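See structure below.
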Amino acid sequence: MNKELLHDMVTTDDKSMVLIEHLLPGYRNAKDWMSIERALLGEAHGKWRIFRRGKQTYETQVMEPERPRSMSDRTLTSADVSSPQTYETKGIKKKTVGWVQDSWIRGGAEISNELVIRVGTDCGFDIKVLTPQSDTELLRRTLAGADIIILNNIWSFSQAQMAIILKTIYSDRKPYVKYEHDHRELDRPEFSRKLFQNSAQNIFLSPVHLGNHRKALGCDGIAFPLAIDTEIFRPVDGIERRPNTALICNLRNFKKWTRLQDYIDEHTGMDFTVLAGNGGVVHGANVKQRNMVPYEEMPKIYSAFECLVHLLDGWGAGERVIFEAALAGCKIVSSERSGHMSWGKDLTDVEGLRAWLKAAPYQFWKEIEKIL
């Protein structure tokens, strides 16, 4: 294993992958996930470059929104989250929360975390965000002074940083909550079983997400839907929703898409648009590719399509595109493997869905309050 890339990889069912950007003409700088061995060989021959720590990207090439000119609108950007800060409210005796999360990419978990942190701050919690960019002394001091720790994704921390985190929760017995956003922890059960079984609470994104962890790790917990800014995702006036059209997004080459390809093959009368930075994942005469767009532009994209089709072969914890698209007026074609479908919600009851999702981050902090 190349030690330089230990913190830059993700683990799939059968191999470790890193993100690369193609450099050869004709690829238009498309990005892809690739095994470490192949990635290193191709980089040595100048075919692509590997994204290493310190170069923030989002694995599906969703761009970050522009940083607000001030914090008056209380929106946290990835820059805010990746630097150690304290988010304050005045006149309230606050409980201190040590929020621990990866930050080398801005993916769905990070976008969700920004909203949960903002709501927690508004609820009166003193939230101190700690990332792999936090130095070890700051990490040690902040965790020691916290009333509770929330552990999100913790794959990019150094060995020294992880030693501090694990000492704080196991030896010092600081109460902590594991807030899980995917299924990666199931790939290291010897580490994760203790982590989930010793927490004050485990929070998952869907009933099936909770069930998969309960079965694999013998842990329990509760589930709340992924935090989504429900005011952003609405049908956009002036954009025509074309019949017999379907949007496909969040396709990544390290996943398999057999069920999705079968659906495309069976629906030849429907036009499919794949929103991805690279091609070749699914194909057909009724399939066309479209480049990724900035995250804040997604409501416009959803508003132009009749359906969102999202069919997984493996398991998704939640899959935010399902609720985003439903809020923006799309019909949803998916299955329980997408996680959020296991809630059994009526996705055509848009305002009911909106109210339920809006309440979820507040319910999250009510659970934290119970522990304190």
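Laid out as a table, the results:
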read-out	value
Residue list for segment 308-340, filter: buried (at least 22 other Cβ atoms within 10 Å of the Cβ) and aliphatic (A, V, I, L, M)	Leu308, Val309, Ala317, Val321, Ile322, Ala325, Ala326, Leu327, Ala328
Condition met for Leu312 (closer than 18 Å to Lys256 by Cβ and either of a type outside the set (S, T, N, Q) or not assigned by TED's automatic domain parsing to the domain that holds Leu260 (or both))	yes
Test: Asn202 is surrounded by 16 or more Cβ atoms within 10 Å (Cβ to Cβ) and at pLDDT below 95	no
Top-ranked residue of segment 11-46 - restricted to ones that are of a type in the set (Ser, Thr, Tyr), in a strand (DSSP E or B) and at pLDDT below 70, ranked as farthest from Asn153 (Cα to Cα)	Ser16
Where Thr245 falls short, out of the listed (1) within 18 Å of the chain's Cα centre (by Cα); (2) modelled with pLDDT of 95 or more	(1)
Residue list for segment 216-273, restricted to those being in contact with a Lys or Arg (Cβ under 7 Å, 6 or more places away or on another chain) and of a type outside the set (Ser, Thr, Tyr)	Leu217, Gly218, Asp220, Leu226, Ile228, Val236, Ile239
Scan of segment 193-222 for residues that are in contact (Cβ under 8 Å) with a residue 60 or more places away in the chain and aliphatic (A, V, I, L, M), ordered by number	Ala200, Ile203, Leu205, Val208, Ile222
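The values are calculated or read from the model by the stated rules, or taken from the named source; none is laboratory data. Because the structure is predicted, anything quoted here is derived from the model rather than measured. Positions of Cβ are generated from backbone atoms using ideal geometry, with glycine treated the same way; all protein chains shown enter the neighbour counts.
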